[in-house]
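Scroll down for the structure; my scribbles are underneath it.
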DNA sequence: AAGACTTCCGGTAACGTTCCCGGCGTTGAG
DNA sequence: CTCAACGCCGGGAACGTTACCGGAAGTCTT
């Protein structure tokens, strides 16, 4: 590896090609009026000099840094990693670089990251905000697009997320059609907006189907495997023999519930049927495979980038995009006779 | 969201505080000689003006952009996502921003990403290079640190990776102590350096233990679940009743092998014992849980950042760091009497 | 053939910051 | 009382690029 002493500039190229630096700049930018022959000569000189554009200087002069920020809770979380990948793929197509930060669901870290993005003079940002902390966003001062469920609280901005209502309809209808008409709802952390959205979608669908939502039993979790295990223990304490079904608000809790059920000697799906929500890769390898509702994570990342491009260009109004989820049937849901199920609950 | 018309500069702050821009610059940089009282006044003026340093300008003038690049095969892959998280955590502590790219094991994409990093004037990069494509790296012209197994081919640079030799020793000794003295080696993609490193570690350990390495049966895979399934099918065609053990070169193949074994009516671990390598989260949820050798992914990311810092500072020589792996016992390995096992193989 | 118009190029001024140098006022020593 | 020393600050140049303006050719029209 040899480290260059001084990287060649536009002026070096100009000297080499025997033209002025303005001409080099014109040759390098594609929309300018320049003689094709001199352009070729300049490009050749740039190649032999090993010239590479300094994006810092470009950004300073033009006000466009060619970078965007991505602030997500945790890049090590498979869902957010997929989102990042989607955004990255699109960014690469447009020659944009991605600055990635993990907020870790921490308010202060998020604020610091937003400041760092402003100081880096990114052209915009894709953000999954930490719940109820929108003051920083309000002051962000740059174009941005929200992803995830918290977008609801921020009607003034573009957002991309999954269609929770459609997903819940899909899940509940599938449960009911298999005879699970009174599934336990395994809910997430109480303060989170995602929890409220999930619950509301369930209620709305119940009412649309003429069912009293209040009859559905619920249990609290915290979106983690351990939370799922603990909730399952509490449920099984009330139903020692099983014969229950679970609709978990995310896959990790569903997998935790599955582990606990097995440890207590119960069979999934026969004794305990479980439906997850997310579509994490681990659900493919559990036994039985976790039937779940898959969120289109990568597509969310892609669309978020597209929305941000629109936002940066100033075209169009703010848009709210909800991408549909799909059911992944794998084997954690048993078929039950609806009548039999109803009798056992009563 | 209000978008500011013009962001305040150092000059605006200077006007507000009634000093020159040089004084503001001094107040903002911590090592300079300045009267504490005027510094306070300047900082107050900066606060009221809502001033934020323009890192593009700083980078241009000082030659330090405050950004580093991370080029990994796939940010959506759980192992690399963990590495990214480790690097990110450390970067955040140092006030450095991370530019993340996925090479997708593609030579051209990698080359484009390296060019993008140079143009962004990053201070350095952490790279997992695509196999046998080091020409681009040679020309990279910036400090960088390699991560992963391909670092071996590049003796002139710093690198951070897991200690494959130690990991293989751990795995083989554990297999042997449980009576699996002739495990199938489920290998990865042929061209990859990782495959050769794994094999060499196995051979070295066999020779150290006075075993002829040639007796160990091998089967080819490609580091994917499907590859693991296919390899397992071929193995089971030769051993219909099972009674074999597998040492897979990564977890995905191990999980694929486990699925196929179960689909063919075999029990894991009694009929087929499986040892994985990586420590992906999915291994926790399989049934049985996948016993595996966990690579310290997050620590690798952290150490890679530290090494890069050294490299950028120009301190010290290039370092090669191999972090130890640890065995995660979960249940995919049965205990067998060694004698019985030997008879069956013969 | 002379003017108007087009094509193409060079010079210069920014963008926001840091660094260096020189200058001012104050302090201390001789 | 004078002069050097020191602490502190302002002015200017530079980093590499793009945008604007004006000018030198060449082309076309009448």
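Quick look at the numbers
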{"quantity": "Per-region count, the stretch A:91-131, residues more than 18 Å from residue A:73 (Cβ to Cβ), more than 7 Å from chain B (Cβ to nearest Cβ) and touching a strand residue (DSSP E or B) at 6+ places or on another chain (Cβ under 7 Å)", "calculated": "5"}
{"quantity": "Members of the stretch B:117-127 that are buried (at least 22 other Cβ atoms within 10 Å of the Cβ) and out of contact with any helix residue (DSSP H, G or I) (no Cβ under 6 Å at 6 or more places or on another chain)", "calculated": "B:117, B:122, B:127"}
{"quantity": "Flag if residue B:96 is under 30 Å from residue A:6 (Cβ atoms) and more than 13 Å from DNA strand C (Cβ to nearest atom)", "calculated": "yes"}
{"quantity": "Selected residue (criterion: nearest to the other protein chains (Cβ to nearest Cβ)) from residues of the stretch B:223-256 that are surrounded by fewer than 24 Cβ atoms within 10 Å (Cβ to Cβ), in contact with a strand residue (DSSP E or B) (Cβ under 6 Å, 6 or more places away or on another chain) and not in a helix (DSSP H, G or I)", "calculated": "B:242"}
{"quantity": "Positions within the stretch B:67-83 being facing chain A (nearest Cβ under 8 Å) and more than 12 Å from the chain's Cα centre (by Cα), in sequence order", "calculated": "B:67, B:76"}
{"quantity": "Filtered residue count, the stretch B:51-63, keeping only those that are facing chain A (nearest Cβ under 10 Å) and part of a loop (DSSP other than H, G, I, E, B)", "calculated": "4"}
{"quantity": "Test set (1) free of Cβ contacts under 8 Å to residues at least 24 places away in the same chain; (2) away from DNA strand D (no atom under 13 Å from the Cβ); (3) over 30 Å from residue A:276 (Cβ atoms) - residue A:69 fails condition number", "calculated": "(1)"}
{"quantity": "Residue that is nearest to the other protein chains (Cβ to nearest Cβ) [pool: residues in the stretch B:257-289 that are within 21 Å of the chain's Cα centre (by Cα) and within 10 Å of residue A:285 (Cα to Cα)]", "calculated": "B:282"}
{"quantity": "Residue in the stretch B:137-148 that is more than 14 Å from every other protein chain (Cβ to nearest Cβ) and farther than 17 Å from residue B:321 by Cα present", "calculated": "no"}
{"quantity": "Residue check for residue B:14: closer than 24 Å to residue A:60 by Cα, within 41 Å of the chain's Cα centre (by Cα) and buried (at least 17 other Cβ atoms within 10 Å of the Cβ)", "calculated": "no"}
{"quantity": "Verdict on residue A:99 being touching a residue at least 40 places away in the same chain (Cβ under 8 Å) and in contact with a helix residue (DSSP H, G or I) (Cβ under 7 Å, 6 or more places away or on another chain)", "calculated": "no"}
{"quantity": "Meets criteria (touching a residue at least 24 places away in the same chain (Cβ under 8 Å) and under 28 Å from residue A:51 (Cβ atoms)) for residue B:136", "calculated": "yes"}
{"quantity": "Output for the stretch B:137-171, where each listed residue is modelled with pLDDT of 95 or more, in contact with a strand residue (DSSP E or B) (Cβ under 7 Å, 6 or more places away or on another chain) and part of a helix (DSSP H, G or I)", "calculated": "B:167, B:170, B:171"}
{"quantity": "Residue that is within 14 Å of DNA strand C (Cβ to nearest atom), farther than 30 Å from residue B:160 by Cβ and part of a helix (DSSP H, G or I), where the choices are B:38, B:48", "calculated": "B:38"}
{"quantity": "Residue B:71 touching a strand residue (DSSP E or B) at 6+ places or on another chain (Cβ under 7 Å) and either closer than 30 Å to residue B:115 by Cβ or surrounded by fewer than 22 Cβ atoms within 10 Å (Cβ to Cβ) (or both)", "calculated": "yes"}
{"quantity": "Residues being buried (at least 24 other Cβ atoms within 10 Å of the Cβ) and more than 23 Å from residue B:176 (Cα to Cα) - total across the stretch B:257-281", "calculated": "1"}
{"quantity": "Count of residues meeting criterion [outside any helix (DSSP H, G or I) and closer than 15 Å to residue A:276 by Cα] in the stretch A:187-217", "calculated": "2"}
{"quantity": "Scope the stretch B:94-115; condition in a strand (DSSP E or B) and surrounded by fewer than 23 Cβ atoms within 10 Å (Cβ to Cβ); matching residues", "calculated": "B:99"}
{"quantity": "In the stretch A:1-31, the residues that are away from every other protein chain (no Cβ under 12 Å) and at pLDDT below 85", "calculated": "A:30, A:31"}
{"quantity": "Residues that are farther than 20 Å from residue A:123 by Cα and assigned to a helix (DSSP H, G or I), drawn from the stretch A:265-322", "calculated": "A:281, A:282, A:283, A:284, A:297, A:298, A:299"}
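Every residue, every condition in (1) assigned by TED's automatic domain parsing to the domain that holds residue B:97; (2) more than 9 Å from DNA strand D (Cβ to nearest atom); (3) in contact (Cβ under 8 Å) with a residue 60 or more places away in the chain; (4) closer than 24 Å to residue B:97 by Cα, yes or no:
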residue: B:26; (1), (2), (3), (4): no, no, no, yes
residue: B:30; (1), (2), (3), (4): no, yes, no, yes
residue: B:34; (1), (2), (3), (4): no, no, no, no
residue: B:37; (1), (2), (3), (4): no, no, no, no
residue: B:44; (1), (2), (3), (4): no, yes, no, no
residue: B:49; (1), (2), (3), (4): no, yes, no, no
residue: B:61; (1), (2), (3), (4): no, no, no, yes
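The values are calculated or read from the model by the stated rules, or taken from the named source; none is laboratory data. None of the values given here were measured: they were computed from a predicted structure. Every residue, glycine as well, gets a Cβ built from its backbone with ideal geometry; the counts of neighbours run over all protein chains shown.
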